[in-house]
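Take a look at the structure set out below.
The values are calculated or read from the model by the stated rules, or taken from the named source; none is laboratory data. Since this is a predicted model, take the numbers as computed values, not measurements. Here the Cβ positions follow ideal geometry from the backbone for every residue, glycine too, while neighbour counts run over all protein chains shown.
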């Protein structure tokens with residue numbers, strides 16, 4: 001057909017179409033039908049095949065128009081061409097294809113209207129049909145593989161073939177049981193979710209191929225995952241398997257293949273997995289509290305949380321929220337909101353109601369999106385207004401006279417209590433129960449649901465003391481105030497107006513003036529309905545405890561309707577003298593030298609009377625001597641006294657320190673120091689016999705002798721222990737030159753003073769501090785050690801010195817450790833008890849052999865404890881480390 005012919009045809013077709021539109025039409029039976037739609041996928045080109053049949057014996061002109069209406073968008077889809085004009089010969093059928101593209105997934109209404117012109121007689125016929133179009137995602141198979149269930153015998157398994165781009169089941173020579181996990185397939189924000197699995201398979205009678213699913217699969221719990229079977233393959237199964245899956249989930253698939261007698265010809269190859277779904281365009285998530293409680297002074301306000309979970313933004317006017325509020329018998333008012341809400345946004349829409357009195361109300365909330373057939377929901381929200389919410393109280397013990405209950409029950413005739421009550425059906429299965437003259441409600445909770453319980457008492461108040469209640473001698477629980485010192489004490493009472501009106505209250509106080517010095521507090525107080533007021537009392541006790549036992553304080557509070565009271569128990573704390581600490585500055589002392597001891601005394605009770613404090617020493621022979629006595633007029637609560645006593649022992653005997661504290665001739669407390677004090681006499685130095693050594697005659701080469709001498713010299717320089725022991729060995733030769741007394745020699749006095757004040761000083765420190773030579777220092781220390789006045793300990797290459805008889809605490813013991821690596825190991829074990837040597841090796845970046853060497857050294861010195869647990873050795877600190 002040439003260009004002119006085509007132009008002429010289009011002109012005629014247009015004229016015929018206009019003519020069809022102008023000529024009145026009559027309805028006719030459908031003489032055409034839709035053959036098929038190629039596929040129902042959105043966002044790709046679709047085709048619809050249409051057949052029109054001419055049943056007349058002459059040629060008839062036709063006009064076919066097509067309209068596609070989106071039910072989600074509520075508008076027609078724009079098409080490039082929506083009208084077709086053609087003629088059909090007599091008794092012929094005309095076939096045509098119409099192409100179109102659906103922009104989004106969802107429901108679409110197809111309307112086809114056919115007009116025919118039989119010599120001026122216009123007839124019309126139409127077809128309306130709804131089709132569902134899907135969005136679809138074809139998943140990458142390789143990236144979809146999450147995990148495997150491997151065959152126990154390493155037989156068949158699954159493999160992704162990068163050449164064929166298939167997931168294949170391979171190695172089917174022996175019996176097998178193997179699975180593969182694919183996913184996740186996210187269905188959040190979608191509906192009508194379908195997985196299309198295209199596969200090729202061959203299976204024998206003993207083979208079982210199955211597909212199951214799980215939600216939110218956890219790889220760390222592979223074998224504890226619970227799977228739900230959804231499909232079992234058989235010889236009749238199609239190659240394309242369609243699986244409907246849950247909405248709002250992450251779905252994982254498990255393909256499981258088992259065969260007790262494997263057949264090599266069997267196979268199962270997955271070609272593709274396509275996720276089809278309908279994207280939700282218009283959707284809301286609406287949430288609100290079922291019930292609100294408001295104090296009588298609060299404005300009543302409910303919140304409706306609305307989230308736009310669809311993919312379309314909702315402009316102003318698309319969403320309508322109406323709230324009708326009802327009392328028990330009539331509607332009060334209606335409130336409207338029309339928010340605009342973009343996709344993914346959440347808004348809290350508030351509705352406030354004014355001038356609502358005490359009682360129960362309910363709201364009917366209706367939310368409509370665009371129109372009712374798109375989205376519509378109704379919610380019921382309840383409100384209770386009172387001064388007292390009884391929801392969490394035990395109603396059987398309630399002393400409220402009038403109570404309103406809001407319950408949900410299917411059959412109200414099943415509800416029964418032993419009270420006078422009235423029933424009002426609010427809406428659906430919700431009922432208001434109004435109770436008068438309550439004497440303790442007993443409810444059967446098996447046939448109803450309690451939503452609200454409120455007090456409807458118009459004039460009511462409660463008083464609550466803030467102080468903790470204790471049980472009195474009479475067995476009554478009462479708030480208590482214990483006086484621990486001579487200060488002002490406060491008592492606080494909460495007065496709660498649980499009625500519906502403002503009220504004035506009178507307050508009276510009753511107490512024994514011989515038990516407390518004074519009391520002050522308010523006499524009149526006004527409280528608004530639903531409010532609390534704090535009544536603060538100030539009490540001043542007597543300077544001294546008046547008598548044993550307690551006394552009562554009664555507070556009465558009244559309004560014009562009733563009087564309530566609260567009774568306090570008042571008492572004084574006993575004087576509680578404690579000796580908190582006893583210590584001396586030395587563990588050992590020379591005879592006639594001073595020792596300074598400190599005692600700390602504290603009073604944790606009420607102010608004391610006059611105290612007499614005796615500091616006593618007792619030696620091993622039982623000789624007791626009071627070395628200090630202190631008298632004090634008073635020791636107040638939480639007050640401490642530090643007593644410093646200097647003592648010069650005159651007898652060469654170990655002694656202990658005691659403290660006795662008396663008041664009014666009565667012994668209050670006595671304490672004894674845990675450790676003895678060692679007293680050493682300064683005896684004359686004993687004559688030390690000279691020992692002569694004769695070295696054996698050994699023939700050594702000059703080289704060997706030089707090396708040996710150099711090694712000894714090196715050890716002599718680097719090791720305090722070697723130096724000390726060397727000079728100690730030759731002391732008998734040297735001591736002949738020093739004939740002096742232990743007590744009178746100034747150098748040894750300085751050594752004793754330094755070692756006793758600084759326990760743990762090493763050989764080099766003593767040498768440098770006193771300016772002595774190695775031999776001189778070794779000589780004097782040897783004399784002190786032989787007379788049991790000092791003692792020494794080896795620490796690596798060092799020699800540390802301590803007072804004789806003193807215990808080595810953890811600080812001194814740790815000072816024996818001078819090796820940095822060993823100190824690091826001790827710190828790590830203290831912070832991580834039970835740690836292994838390999839873990840320490842990793843932390844310190846050292847070889848395990850080196851760590852093992854140091855651990856053995858620390859264990860031998862009782863610094864660390866080694867425990868073997870199976871094949872694992874664990875390290876723990878000793879209790880003093």
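Answer yes or no as to whether residue 409 is assigned by TED's automatic domain parsing to the domain that holds residue 449, in contact (Cβ under 8 Å) with a residue 24 or more places away in the chain and either within 23 Å of residue 191 (Cβ to Cβ) or buried (at least 16 other Cβ atoms within 10 Å of the Cβ) (or both).
Numbers: assigned by TED's automatic domain parsing to the domain that holds residue 449: yes; in contact (Cβ under 8 Å) with a residue 24 or more places away in the chain: yes; either within 23 Å of residue 191 (Cβ to Cβ) or buried (at least 16 other Cβ atoms within 10 Å of the Cβ) (or both): yes.
For residue 409, the condition - assigned by TED's automatic domain parsing to the domain that holds residue 449, in contact (Cβ under 8 Å) with a residue 24 or more places away in the chain and either within 23 Å of residue 191 (Cβ to Cβ) or buried (at least 16 other Cβ atoms within 10 Å of the Cβ) (or both) - is met.
From the residues in segment 751-795 that are more than 60 Å from the chain's Cα centre (by Cα) and part of a loop (DSSP other than H, G, I, E, B), which one is farthest from residue 590 (Cα to Cα)?
773
Going by what's in this entry, would residue 548 be described as free of Cβ contacts under 8 Å to residues at least 12 places away in the same chain and not assigned by TED's automatic domain parsing to the domain that holds residue 297? Break it down into steps so the answer makes sense when it comes.
On the way: free of Cβ contacts under 8 Å to residues at least 12 places away in the same chain: yes; not assigned by TED's automatic domain parsing to the domain that holds residue 297: yes.
Criteria met by residue 548.
Which one of these is assigned to a loop (DSSP other than H, G, I, E, B) and either surrounded by fewer than 16 Cβ atoms within 10 Å (Cβ to Cβ) or in contact with a strand residue (DSSP E or B) (Cβ under 7 Å, 6 or more places away or on another chain) (or both): 241, 226?
Just a single option satisfies the conditions, and that option is 226.
Look through segment 330-374, keep the residues that are in a loop (DSSP other than H, G, I, E, B) and within 38 Å of the chain's Cα centre (by Cα), and return whichever of them is nearest to residue 430 (Cα to Cα).
Within segment 330-374, the subset in a loop (DSSP other than H, G, I, E, B) is 330, 338-340, 342-345, 354-358, 370-374.
After this cut, where a residue has to be within 38 Å of the chain's Cα centre (by Cα) as well, the list is 339-340, 342-345.
Numbers: 339: 30, 340: 33, 342: 36, 343: 35, 344: 34, 345: 33 Å.
Selected residue: 339.
Has segment 461-472 got any residue that is under 43 Å from the mean Cα position of the chain (by Cα), surrounded by fewer than 12 Cβ atoms within 10 Å (Cβ to Cβ) and free of Cβ contacts under 8 Å to residues at least 60 places away in the same chain?
First, pick out the residues of segment 461-472 that are under 43 Å from the mean Cα position of the chain (by Cα): 461-472.
Still in the list and also surrounded by fewer than 12 Cβ atoms within 10 Å (Cβ to Cβ): 468, 471.
Remaining after also requiring free of Cβ contacts under 8 Å to residues at least 60 places away in the same chain: 468, 471.
Checked against the condition, which is being under 43 Å from the mean Cα position of the chain (by Cα), surrounded by fewer than 12 Cβ atoms within 10 Å (Cβ to Cβ) and free of Cβ contacts under 8 Å to residues at least 60 places away in the same chain, segment 461-472 yields at least one hit.
Among what's in segment 138-158 and is part of a strand (DSSP E or B) and in contact (Cβ under 8 Å) with a residue 24 or more places away in the chain, pick the residue that is surrounded by the most Cβ atoms within 10 Å (Cβ to Cβ).
Our first condition is that a residue be part of a strand (DSSP E or B); within segment 138-158, this holds for 138, 145-149, 157-158.
Narrowing further to those that are in contact (Cβ under 8 Å) with a residue 24 or more places away in the chain: 138, 145-149, 158.
Working: 138: 12, 145: 16, 146: 16, 147: 16, 148: 15, 149: 20, 158: 23.
Of everything passing the filter in segment 138-158, 158 is surrounded by the most Cβ atoms within 10 Å (Cβ to Cβ).
Looking only at strands (runs of 3 or more DSSP E) that lie completely in segment 575-650, which have at least 1 residues being touching a helix residue (DSSP H, G or I) at 6+ places or on another chain (Cβ under 8 Å)? I'd like the intermediate steps shown before the answer.
Values: elements: 577-584, 588-590, 595-603, 611-619, 624-632, 639-647.
It comes to 588-590.
Can you give me the number of residues within segment 452-474 that are closer than 25 Å to residue 546 by Cβ and out of contact with any strand residue (DSSP E or B) (no Cβ under 6 Å at 6 or more places or on another chain)?
First pass over segment 452-474, keeping only residues closer than 25 Å to residue 546 by Cβ: 465, 467-474.
Checking which are out of contact with any strand residue (DSSP E or B) (no Cβ under 6 Å at 6 or more places or on another chain) leaves us with 468, 473-474.
Result for segment 452-474: 3.
Inside segment 81-100, can you point out the residues that are at pLDDT 90 or above, touching a strand residue (DSSP E or B) at 6+ places or on another chain (Cβ under 7 Å) and surrounded by fewer than 13 Cβ atoms within 10 Å (Cβ to Cβ)?
95, the sole residue that qualifies.
Take residue 530 and decide whether it is under 30 Å from residue 295 (Cα atoms) and at pLDDT below 90. Break it down stepwise before answering.
Values: under 30 Å from residue 295 (Cα atoms): yes; at pLDDT below 90: yes.
When the stated conditions are applied, residue 530 passes them.
Any residue at all in segment 394-416 that is closer than 26 Å to residue 337 by Cα and in contact with a strand residue (DSSP E or B) (Cβ under 7 Å, 6 or more places away or on another chain)? Write out each step before concluding.
First, the residues of segment 394-416 that are closer than 26 Å to residue 337 by Cα: none.
For segment 394-416, residues closer than 26 Å to residue 337 by Cα and in contact with a strand residue (DSSP E or B) (Cβ under 7 Å, 6 or more places away or on another chain): absent.
Quick one: residue 429 ticks every box in (1) at pLDDT 90 or above; (2) surrounded by 16 or more Cβ atoms within 10 Å (Cβ to Cβ) bar one, so which box is it?
(2)
With 632, 627 as the choices, which residue is more than 20 Å from residue 576 (Cβ to Cβ), at pLDDT 85 or above and either surrounded by fewer than 14 Cβ atoms within 10 Å (Cβ to Cβ) or in the same structural domain as residue 662 (by TED's automatic domain parsing) (or both)? Break it down into steps so the answer makes sense when it comes.
Details: 632 fails: more than 20 Å from residue 576 (Cβ to Cβ).
So the residue among 632, 627 that is more than 20 Å from residue 576 (Cβ to Cβ), at pLDDT 85 or above and either surrounded by fewer than 14 Cβ atoms within 10 Å (Cβ to Cβ) or in the same structural domain as residue 662 (by TED's automatic domain parsing) (or both) is 627.
Among the residues that make up segment 13-35, is at least one of them closer than 30 Å to residue 133 by Cα, modelled with pLDDT of 85 or more and either touching a strand residue (DSSP E or B) at 6+ places or on another chain (Cβ under 7 Å) or not assigned by TED's automatic domain parsing to the domain that holds residue 375 (or both)?
no
Given 61, 103, which one is in contact with a helix residue (DSSP H, G or I) (Cβ under 6 Å, 6 or more places away or on another chain) and not assigned by TED's automatic domain parsing to the domain that holds residue 181? If you could, list the steps in order and put the result at the bottom.
Numbers: 103 fails: in contact with a helix residue (DSSP H, G or I) (Cβ under 6 Å, 6 or more places away or on another chain).
Answer to the selection: 61.
Okay, residues lined up against (1) outside the structural domain of residue 191 (by TED's automatic domain parsing); (2) surrounded by 19 or more Cβ atoms within 10 Å (Cβ to Cβ):
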| position | (1), (2) |
| --- | --- |
| 260 | no, no |
| 298 | yes, no |
| 325 | yes, yes |
| 330 | yes, no |
| 334 | yes, no |
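Suppose the filter is outside the structural domain of residue 275 (by TED's automatic domain parsing), at pLDDT 90 or above and either out of contact with any helix residue (DSSP H, G or I) (no Cβ under 7 Å at 6 or more places or on another chain) or part of a strand (DSSP E or B) (or both); does residue 110 pass it?
Values: outside the structural domain of residue 275 (by TED's automatic domain parsing): yes; at pLDDT 90 or above: yes; either out of contact with any helix residue (DSSP H, G or I) (no Cβ under 7 Å at 6 or more places or on another chain) or part of a strand (DSSP E or B) (or both): yes.
Judged against the criteria, residue 110 is a match.
Tally up the residues in segment 830-866 that are over 33 Å from the mean Cα position of the chain (by Cα) and touching a residue at least 24 places away in the same chain (Cβ under 8 Å), please.
11
Could you check segment 553-574 and list, in sequence order, the residues that are touching a strand residue (DSSP E or B) at 6+ places or on another chain (Cβ under 7 Å) and part of a loop (DSSP other than H, G, I, E, B)?
From segment 553-574, those touching a strand residue (DSSP E or B) at 6+ places or on another chain (Cβ under 7 Å) are 553-559, 563-573; that's our starting set.
Within segment 553-574, 559, 573 meet the criteria.
Among the residues of segment 199-220, which ones are assigned to a strand (DSSP E or B) and within 24 Å of residue 266 (Cβ to Cβ)?
Passing the criteria: 199, 200, 201, 202, 207, 208, 209, 210, 211, 212, 213.
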